[in-house]
Amino acid sequence: MNTARPPRETPPGKPLSAPLPTKDGVGPSCVALPPGPWGSIDEFLAERFAAIPADIWRSRMQQGELLDEHGAAVAPGQPYRAGGRLYYYRAIDDEQKVPFDEVLLFQDELLVAVDKPHFLSVTPGGRHLHETLLVRLKRRLAIDTLTPLHRLDRETAGVVVFSVQPATRGAYQALFAHKTVRKHYEAVAPWRPELAFPLTRRSRLVEDAHFLRMCEAPGEPNAETHFEVLETLGSLGRYRLTPVTGRTHQLRVHCAALGLPIAGDRMYPTLLPADTDDHARPLQLLATTLAFTDPVTGQARRFETARQLATLRDTEALNEGAAALPARP
């Protein structure tokens, strides 16, 4: 299995004229060629993707699967030229199947809204390629121009909205940039009666020492979340979370900082080992609604999930069952 972390597909908002078409829902990956000491493309690839054997790249070249920005096939031993680009299709030998399906909520000529299940990444990256929401939808709907307008964590379920037309994409992206999209979430977490709800958490979020995580740090706040209590049962509560900003892992970090770690969170406050997903205990965080005024049509758009989190009683039973299990070696 290739364990390197190749580049993602070309990010939204930065279109390039790729010489390779979408293939089975997967768009071509692109890597820029920076200035450097490499005498050949082979030497650059060996250093840039150290975990991918050289014979794999050589095989791709021989089969014409590695192209430059002009659409010309790159040959083994070809001299290195800084400033160019390489295009290729990523491949993952033993990608894990996500045993949950997305649900199409809405589709027209401008937008697609989808109800994402837990454990499914929105876009390709790392160990996830075909088993991502974007690739699944491209195959299912045969729309190669689909681009997500926002992201949810892989572990989070709920509403995700995609743009269909490149010509109107910028208008929708501006809504998120200007914080005019109304988003609500639900979460199951410990009940802390000493906290006075509703409450607002404002803090500065920065990258943690571990590249996967975020953390709070001193300084001007750049993240804000409103909290409300929907119900309580014993030691648990169901909360409505309304983010004003959209920082990476914002809700999970803010919950953990308040002493309200979300049930099933395998990252906050403690980072658990990779590849230990428990499909019976998903993260109890759900993107329930997303609403805005359409900048193209002027319509009021509102998309709602059909999914539900576990009941507080069921969550409590799962927690009790997990506590009774012997510790993993």
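Each reported figure results from applying straightforward, stated rules to the coordinates on display, with no laboratory input. What you see is a predicted model, and the numbers here were worked out from it, not measured in a lab. Note that we place each Cβ from the backbone using ideal geometry, even for glycine, and neighbour counts take in every protein chain shown.
Computed quantities for the displayed model
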| quantity | calculated |
| --- | --- |
| Cleavage-rule hits, trypsin sites (Lys or Arg not before Pro), segment 140-182, DSSP coil, Cβ neighbours within 10 Å at most 16 | R151, K179 |
| Estimated inter-spin distance, A75 and N319, nm [label 7 Å along Cα→Cβ] | 6.6 |
| Range of Cα positions in segment 92-178 per principal axis (Å), largest first | 38, 26, 23 |
| Kirkwood hydrodynamic radius of segment 47-95, Cα pairs, Å | 11.8 |
| DSSP beta bridge pairing in segment 29-167, given as percent antiparallel to the nearest 5 | 95 |
| For the chain, share of DSSP beta bridges that run antiparallel, in % to the nearest 5 | 95 |
| Label-to-label distance, nm, for residues given as A177 and Q63 (7 Å Cα→Cβ offset) | 3.9 |
| Global form of segment 35-193, assessed from the alpha-carbon gyration tensor, a/c cut-off 1.5 | prolate |
| Hits among aspartates and glutamates - C-alpha to C-alpha of K97 under 15 Å, sequence gap 8 or more where chains match | E131, E155, D275, D277, D278 |
| Segment 188-329, relative contact order [Cα under 8 Å, separation at least 6], % | 20 |
| Mean projected area in nm² (Cα convex hull; one quarter of hull surface) for segment 229-292 | 5.7 |
| Reach of K23 by Cα under 13 Å, taken over aspartates and glutamates that are not fewer than 8 positions away in the same chain | E9, E65, D144 |
| Estimated 222 nm signal from helices in the chain, with DSSP H stretches of n ≥ 4 weighted -39500 (n - 2.57), rounded to 500 | -5000 deg cm²/dmol |
| Rounded to whole Hz, the Karplus (6.51, -1.76, 1.60) HN-Hα couplings of segment 267-282, x for glycine and proline | 10, 10, x, 10, 7, 8, x, 5, 6, 10, 4, 10, 5, 7, 9, x |
| Which label in (1) 23.2; (2) 19.5; (3) 15.1 gives the computed mean projected area of the Cα convex hull in nm² | (2) |
| Alpha-carbon centroid distance for the pair segment 216-258 / segment 130-180, whole angstrom | 24 |
